[in-house]
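Below is one structure, written out as structure tokens, with a few remarks after it.
Quick note: the coordinates plus some simple rules give every number you see, no bench work behind them. Computed from a prediction, not measured in an experiment: that's the story for all the values here. As a convention, Cβ positions derive from the backbone with ideal geometry for all residues, glycine included, and neighbour counts pool all protein chains shown.
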Amino acid sequence: MQIHEKALIWQIYENALQAHIEKIWGWDYAWQKQDFEQNIAQYTTSFIFNGDKIIGYLQYKVKKKRVYINMLSLKYTDFMKYVG
């Protein structure tokens with residue numbers, strides 16, 4: 001994964017989750033960044049497209065013929081438009 005791709009995934013993650021997490025536990029940037037890096041290393045991460053436009057990402061792992069989804073996150077501007 002290239003640096004600019006990881007930066008875009010982080011941006012989608014942060015924009016999608018920060019406000020919600022902030023209300024519940026508080027947003028600990030260092031912890032969130034560490035957890036994000038661990039998930040990037042542990043799961044397959046793929047972009048979700050609508051045509052040529054990146055609208056989000058999916059993190060998953062295949063284990064014993066089963067697919068485990070860790071994260072499906074869409075850009076706020078595209079939320080509820082394409083998945084339902």
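Here's the yes/no breakdown for (1) surrounded by 12 or more Cβ atoms within 10 Å (Cβ to Cβ); (2) touching a residue at least 12 places away in the same chain (Cβ under 8 Å); (3) among the aliphatic types (A, V, I, L, M):
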position: Tyr13; (1), (2), (3): yes, yes, no
position: Ala16; (1), (2), (3): yes, yes, yes
position: Lys23; (1), (2), (3): no, no, no
position: Tyr29; (1), (2), (3): no, no, no
position: Gln32; (1), (2), (3): yes, yes, no
position: Tyr43; (1), (2), (3): yes, yes, no
position: Phe47; (1), (2), (3): yes, yes, no
position: Ile54; (1), (2), (3): yes, yes, yes
position: Tyr57; (1), (2), (3): yes, yes, no
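Among the residues of the stretch 22-41, is there at least one that is touching a helix residue (DSSP H, G or I) at 6+ places or on another chain (Cβ under 9 Å) and among the small types (Gly, Ala, Ser)? No, the conditions are met nowhere in the stretch 22-41. Flag: Ile9 does not match the condition of being aliphatic (A, V, I, L, M), touching a residue at least 40 places away in the same chain (Cβ under 8 Å) and assigned to a strand (DSSP E or B).
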